[in-house]
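The values are calculated or read from the model by the stated rules, or taken from the named source; none is laboratory data. Note that this is a predicted model, so its numbers are computed, not measured. So basically every Cβ, Gly included, is an ideal-geometry build from the backbone, and we count neighbours across all protein chains shown.
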Amino acid sequence: MRKFIPLSSLLLALLISGCQSYSSPGLETNPIPTFINVALDAELSIKQISPNAYEITHAYPWPANALLVEMADGSLVLVDTPYTPAATQQVIEWAEARFGERQITAINGHFHVDNLGGNAYLVEQGIPVYGSDLTVQLLAERGEANRAQTVAWLENSGQQHYADGHAAIPLVPPTHTFPLEDGLKLQFGDKVVQIIYPGPAHSLDNVVVYFPDYRLMFGGCMIQSGEEIGNTADADLEAWPASVEHLRQYDFDILVPGHGDRLDPALLDHTLDVLAKTE
């Protein structure tokens with residue numbers, strides 16, 4: 001089993017301060033844990049969104065979300081990665097400080113860098129990374145073109161620091177693949193995690209990751225929380241609404257988008273509204 005590099009004393013202090021509990025004075029009740037909200041650095045933060053789920057947000061420079069879920073058997077599931085291997089290492093080290101040494105499984109939602117830019121670190125550490133066969137194909141076919149487009153956007157907006165950073169991110173594919181149309185079920189003790197292909201939307205290969213026992217869905221970039229649709233370079237705008245509608249058959253209380261702070265199931269309707277304005 002892999003070993004982790006210990007966090008700094010500062011990060012441990014942040015972790016401890018974020019995990020304090022409280023109870024009402026004079027009442028003999030079990031302490032209620034305070035959900036944590038930790039800034040690992042100026043660009044990277046982790047926010048607890050349920051008793052066993054943590055939203056990771058990396059602004060490099062555009063804020064993008066990933067998800068870390070503690071399963072009942074003690075395993076950790078990481079859905080998407082921060083943009084860079086270095087930021088992904090910070091998240092894994094934080095997880096070691098919080099949970100101790102655990103088995104980790106990673107999942108890539110699609111082939112863009114805000115989904116798999118941290119793969120190089122995960123693969124180096126021997127962490128299995130799951131992704132679809134189309135994600136591997138599109139990364140090989142379009143990965144460098146997407147990188148060039150991103151670097152150009154950043155340079156044109158005067159953000160040379162980030163342009164240089166994106167130019168250096170290794171584009172490493174997932175190590176464990178599955179047929180996109182079939183999706184995949186992963187078993188963790190008596191709990192399952194479902195990787196579901198709802199159809200093309202933000203990209204041709206975008207999948208969602210469903211935790212049915214926790215009523216939690218990671219919708220990724222096909223789910224919109226803002227008022228504009230954003231990057232459509234690899235999108236299928238015609239098929240997108242039907243792909244969103246496909247998710248209504250699943251029961252969840254929390255829906256995590258690829259970008260933004262909203263986490264409610266009404267993001268399905270919001271996404272359809274934003275798409276309607278785009279037509």
> Scanning region 77-91 for residues that are aliphatic (A, V, I, L, M) and within 17 Å of Pro174 (Cα to Cα), which turns out surrounded by the most Cβ atoms within 10 Å (Cβ to Cβ)?
Replying inline: Val79
> Limited to region 141-193, what total is found for residues that are of a type in the set (A, V, I, L, M), under 19 Å from Tyr121 (Cα atoms) and either surrounded by 12 or more Cβ atoms within 10 Å (Cβ to Cβ) or touching a Gly at 6+ places or on another chain (Cβ under 6 Å) (or both)?
Replying inline: 4
> Where in region 60-161 are the strands (runs of 3 or more DSSP E), entirely inside, with at least 2 residues that are of a type outside the set (Val, Ile, Thr) and at pLDDT 95 or above?
Replying inline: 63-70, 76-79, 129-132
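Yes/no matrix, rows are residues, columns are (1) of a type in the set (Phe, Trp, Tyr); (2) more than 23 Å from Thr88 (Cα to Cα):
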residue: Ala201; (1), (2): no, yes
residue: Tyr210; (1), (2): yes, no
residue: Met217; (1), (2): no, no
residue: Leu247; (1), (2): no, yes
residue: Tyr250; (1), (2): yes, yes
residue: Asp261; (1), (2): no, no
>> Condition first: buried (at least 24 other Cβ atoms within 10 Å of the Cβ) and farther than 18 Å from Leu267 by Cα. Can you find one or more residues in region 205-212 that meet it?
In response: yes
> Of all the residues that make up region 74-125, how many are at positive phi and of a type in the set (Lys, Arg)?
Replying inline: 0
> Which of the residues spanning region 228-249 are farther than 23 Å from Gln149 by Cα and touching a residue at least 40 places away in the same chain (Cβ under 8 Å)?
Replying inline: Ala239, Ala242, Ser243, Val244, His246, Leu247
>> If I filter region 70-94 down to residues being touching a Ser or Thr at 6+ places or on another chain (Cβ under 8 Å) and polar (S, T, N, Q), which single residue comes out as farthest from Leu116 (Cα to Cα)?
In response: Ser75
>> List pairs: first residue in region 201-216 and within 18 Å of Asp73 (Cβ to Cβ), second residue buried (at least 24 other Cβ atoms within 10 Å of the Cβ) and among the β-branched types (Val, Ile, Thr) anywhere in the structure, Cβ distance under 7 angstrom, at least six positions apart or on different chains.
In response: Val209/Val79; Val209/Ile107; Val209/Val193; Phe211/Val193
> Got a sec? Which strands (runs of 3 or more DSSP E) wholly within region 195-279 have at least 3 residues that are over 19 Å from the mean Cα position of the chain (by Cα)?
Replying inline: none
>> If Leu255 meets every condition in (1) farther than 15 Å from Gly199 by Cα; (2) without any contact (Cβ under 8 Å) to a residue 24 or more places away in the chain apart from one, which number is that one?
In response: (2)
> Within region 67-105, which residues are aliphatic (A, V, I, L, M), out of contact with any Leu (no Cβ under 8 Å at 6 or more places or on another chain) and without any contact (Cβ under 8 Å) to a residue 60 or more places away in the chain?
Replying inline: Ala86
